[in-house]
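Asker: Structure in structure tokens, see below.
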Amino acid sequence: MSKNTHPNPSSKRSIVFFHPDLGIGGAERLIVDAAVGLQEQGNKVTIFTSHCDPKHCFDEARDVSIWTNELDKLKPDVFIVDQLSACVPLLRWLYSNRQRTLFYCHFPDQLLADRRASGILGLAKKVYRFPFDWFEGWSMSASDRIVVNSTFTKLVASRVWPGLAESLGVIYPCVNVEEKETEADGGPLWAGQYKLLLSINRFERKKDIGLAIRGYQRLSSNERRGTRLVLAGGYDQRVSENVRYHKELDDLAQSLGLSTATAKTVPTALAIPSDIEVLFLLSVPGPFKNTLLRNAQLLLYTPSNEHFGIVPVEAMLYGVPVLASNTGGPLETIVEGKTGWLRDVDNVDEWAAVMKRVLHELSPAELQKLGQNGRQRVNERFTRNKMSDGLSSEIDQMVKNKRSTFLERKDIILALWLVLAVLAALFATIIKARFGRGDTRATEFARVQRANAGSEENLVRLFPGAA
């Protein structure tokens with residue numbers, strides 16, 4: 001993690017983050033930025049994660065603490081958990097004295113599950129998912145504070161968990177403005193011979209990257225001359241969907257008559273032949289992604305109902321106008337006509353029209369104005385200081401206020417004692433009944449024996465030969 005640059009002794013706390021897989025993605029970028037921002041304010045910050053590959057993570061995450069078994073030695077004041085809330089009740093029960101837990105909800109996990117099946121299979125899926133869906137809301141309620149990444153996510157989460165609606169706060173993700181200001185510009189990519197249309201997304205089907213390919217193909221061959229569509233983003237060989245989707249996109253582009261190539265390293269990307277129209281860049285490193293943004297004419301952001309979407313904000317920081325879906329988070333980040341455009345993902349022609357306008361119709365002065373507007377919006381709303389100040393404010397309120405109502409450890413202990421008492425009483429009753437009946441039978445048997453014994457004695461005495 002970076003060194004403290006803005007220490008604030010009055011707000012120093014020990015803060016522990018829990019994040020499942022610290023790879024490359026929007027959620028991971030948010031956690032890293034949040035951790036660095038809180039550390040810059042003077043807090044002691046540690047990140048716990050189950051997986052962090054130094055070759056597939058953000059630069060700041062290469063020296064984080066990974067699954068250390070010395071949590072107690074850290075003496076945490078605050079836990080920050082995101083993505084999965086399953087561990088929140090456990091943290092509350094194990095650390096019930098002074099620690100507080102803030103849960104950052106990127107999006108309700110139950111809405112990410114595939115529920116498209118119908119009939120018996122659909123019903124079976126609903127029955128199967130019911131306990132998991134219930135547990136998600138119940139475990140989230142163990143948090144002392146819940147925040148989400150956008151107003152869009154807040155509206156969705158409020159419909160899913162009406163009981164938590166009033167307690168949801170909004171803290172936008174951020175970009176590192178300071179890093180951009182100190183970054184060297186470098187020279188133009190590919191000797192400046194192309195106008196670049198850029199897409200940055202993980203290679204997942206829900207990102208709808210094919211929309212960028214179809215829109216680009218709608219341009220005439222003359223309109224595509226001197227341009228290149230670059231599709232860059234997170235790609236993990238371990239994830240089968242990444243591998244399959246990349247192949248599907250490559251096949252789609254070629255089926256539409258577009259020439260394609262794939263690069264996994266920067267030198268390979270720079271050596272791509274000049275006749276390639278669609279270039280796939282798999283898991284490009286951070287500095288090269290920034291180089292792509294510096295050279296792009298337009299960012300294409302294709303996902304629908306994206307929870308927030310950090311890439312459009314990154315593009316605006318670099319002065320790149322954005323064309324995005326008119327749903328979800330981009331409605332809160334992009335200003336129509338001033339920092340970019342919002343279009344229906346079902347209307348490919350509208351996407352192609354915006355691409356044509358940026359590539360061939362807008363003047364350099366108009367493009368520059370769009371870029372200035374974008375940078376101004378980022379500085380006003382989406383800086384790391386804004387996000388860390390928001391988190392600090394939420395943490396301050398959380399620490400000052402009473403804990404939220406939840407099943408506490410003392411309640412569990414009392415319930416266990418009651419269960420044990422009931423079981424002990426039931427066991428004693430069974431034992432008593434069992435052995436009580438045994439004593440009665442033994443007494444009756446002895447009486448019969450005595451009666452029979454007397455009869456035998458009388459028989460022998462009266463009839464000696466009977467013996």
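Asker: Just to be sure before I move on: is Asp185 among the acidic types (Asp, Glu) and in a helix (DSSP H, G or I) in the structure I sent?
Answerer: For Asp185, the condition - among the acidic types (Asp, Glu) and in a helix (DSSP H, G or I) - is not met.
Asker: Okay, next question. Take the residues in region 104-135 that are of a type in the set (D, E, K, R) and over 29 Å from Asn326 (Cα atoms), then tell me which one is surrounded by the fewest Cβ atoms within 10 Å (Cβ to Cβ).
Answerer: Per the criteria, the residue is Lys126.
This table checks each residue for (1) touching a helix residue (DSSP H, G or I) at 6+ places or on another chain (Cβ under 7 Å); (2) buried (at least 21 other Cβ atoms within 10 Å of the Cβ); (3) aliphatic (A, V, I, L, M).
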{"site": "Gly234", "(1), (2), (3)": "no, yes, no"}
{"site": "Pro287", "(1), (2), (3)": "no, no, no"}
{"site": "Leu299", "(1), (2), (3)": "yes, yes, yes"}
{"site": "His307", "(1), (2), (3)": "yes, yes, no"}
{"site": "Ile310", "(1), (2), (3)": "yes, yes, yes"}
{"site": "Leu323", "(1), (2), (3)": "yes, yes, yes"}
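Asker: Give the residues of region 227-240 that are at pLDDT below 95 and of a type outside the set (Ser, Thr, Tyr), sorted by residue number.
Answerer: Gly233, Gly234, Asp236, Gln237, Arg238, Val239
Asker: Against the condition in contact with a Leu (Cβ under 9 Å, 6 or more places away or on another chain), in the same structural domain as Tyr194 (by TED's automatic domain parsing), more than 23 Å from Thr227 (Cβ to Cβ) and in a helix (DSSP H, G or I), how does Leu331 come out, does it pass?
Answerer: Criteria met by Leu331.
Asker: Now a separate question. Run Gly319 past the list (1) out of contact with any Gly (no Cβ under 7 Å at 6 or more places or on another chain); (2) surrounded by fewer than 24 Cβ atoms within 10 Å (Cβ to Cβ); (3) not acidic (Asp, Glu) and report the number of the one that doesn't hold.
Answerer: Just one mismatch for Gly319, condition (1).
Asker: Find all pairs meeting these conditions: Cβ atoms under 9 angstrom apart; at least six residues apart or on different chains; first residue within region 343-363 and in the same structural domain as Leu298 (by TED's automatic domain parsing) and over 21 Å from Leu331 (Cα atoms); second residue of a type in the set (Gly, Ala, Ser) and assigned to a loop (DSSP other than H, G, I, E, B).
Answerer: Lys356/Ser220; Leu359/Gly226
Asker: Same structure again: Can you pull out every residue in region 141-166 that is without any contact (Cβ under 8 Å) to a residue 40 or more places away in the chain and closer than 19 Å to Cys87 by Cβ?
Answerer: Result: Leu164, single match.
Asker: Right, next: For region 236-245, which positions are of a type outside the set (S, T, N, Q) and either over 30 Å from Gln297 (Cβ atoms) or surrounded by fewer than 19 Cβ atoms within 10 Å (Cβ to Cβ) (or both)?
Answerer: Correct list: Arg238, Val239, Glu241, Val243, Arg244.
Asker: Now, a different point. Of all residues in region 122-148, count the ones that are under 17 Å from Gln99 (Cα atoms) and either hydroxyl-bearing (Ser, Thr, Tyr) or in contact with a His (Cβ under 8 Å, 6 or more places away or on another chain) (or both).
Answerer: 3
Per-residue answers, yes or no, for (1) more than 17 Å from Val177 (Cα to Cα); (2) touching a Phe, Trp or Tyr at 6+ places or on another chain (Cβ under 8 Å):
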| residue | (1), (2) |
| --- | --- |
| Tyr301 | yes, no |
| Pro312 | no, yes |
| Val320 | no, no |
| Ala324 | yes, yes |
| Glu332 | yes, yes |
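Asker: Across region 259-276, what is the number of residues that are touching a helix residue (DSSP H, G or I) at 6+ places or on another chain (Cβ under 6 Å) and buried (at least 18 other Cβ atoms within 10 Å of the Cβ)?
Answerer: Residues in region 259-276 being touching a helix residue (DSSP H, G or I) at 6+ places or on another chain (Cβ under 6 Å) and buried (at least 18 other Cβ atoms within 10 Å of the Cβ): 2 in total.
Asker: Let me ask you something else. Between Gly309, Gly319, which is small (Gly, Ala, Ser) and closer than 20 Å to Tyr245 by Cβ?
Answerer: The match here is Gly309.
Asker: Which of the residues belonging to region 398-422 are modelled with pLDDT of 85 or more and surrounded by 14 or more Cβ atoms within 10 Å (Cβ to Cβ)?
Answerer: Met398, Val399, listed by residue number.
Asker: Can you pull out every residue in region 193-209 that is over 23 Å from the mean Cα position of the chain (by Cα) and in contact (Cβ under 8 Å) with a residue 60 or more places away in the chain?
Answerer: Gln193, Lys195, Leu196, Leu197, Leu198
Asker: May I pose another question? If Gln217 passes every condition in (1) among the polar types (S, T, N, Q); (2) within 17 Å of Ser274 (Cα to Cα); (3) buried (at least 19 other Cβ atoms within 10 Å of the Cβ) but one, which one does it miss?
Answerer: If we test Gln217 against (1) among the polar types (S, T, N, Q); (2) within 17 Å of Ser274 (Cα to Cα); (3) buried (at least 19 other Cβ atoms within 10 Å of the Cβ), just (2) comes out false.
Asker: Could you tell me which residue of region 60-90 is modelled with the highest pLDDT, considering only residues that are assigned to a helix (DSSP H, G or I) and under 17 Å from Val45 (Cα atoms)?
Answerer: The extreme case among them is Leu74.
Asker: Sticking with this structure for a sec: Is it the case that region 375-388 has a residue that's over 30 Å from Ser14 (Cα atoms) and touching a residue at least 24 places away in the same chain (Cβ under 8 Å)?
Answerer: The answer is yes; a qualifying residue exists.
Asker: Would a scan of region 113-127 turn up a residue that is among the charged types (D, E, K, R), modelled with pLDDT of 85 or more and in a helix (DSSP H, G or I)?
Answerer: no
Asker: From the list Ile213, Ile200, exactly one residue is among the aliphatic types (A, V, I, L, M), at pLDDT 95 or above, in the same structural domain as Trp351 (by TED's automatic domain parsing) and closer than 21 Å to Glu28 by Cα. Which is it?
Answerer: From the options Ile213, Ile200, the qualifying one is Ile200.
Asker: Identify the residue in region 152-179 that is touching an Asp or Glu at 6+ places or on another chain (Cβ under 9 Å), assigned to a helix (DSSP H, G or I) and not polar (S, T, N, Q) and, among all such residues, is surrounded by the fewest Cβ atoms within 10 Å (Cβ to Cβ).
Answerer: Ranking the qualifying residues of region 152-179, first place goes to Val160.
Asker: Filter region 244-269 down to residues that are of a type in the set (A, V, I, L, M) and assigned to a helix (DSSP H, G or I), then give me how many there are.
Answerer: Total satisfying the criteria: 5.
The values are calculated or read from the model by the stated rules, or taken from the named source; none is laboratory data. Everything numeric here is computed off the predicted structure, so don't read it as measured data. For neighbour counting, all protein chains shown are included, and Cβ atoms are generated from backbone atoms with ideal geometry for every residue, glycine included.
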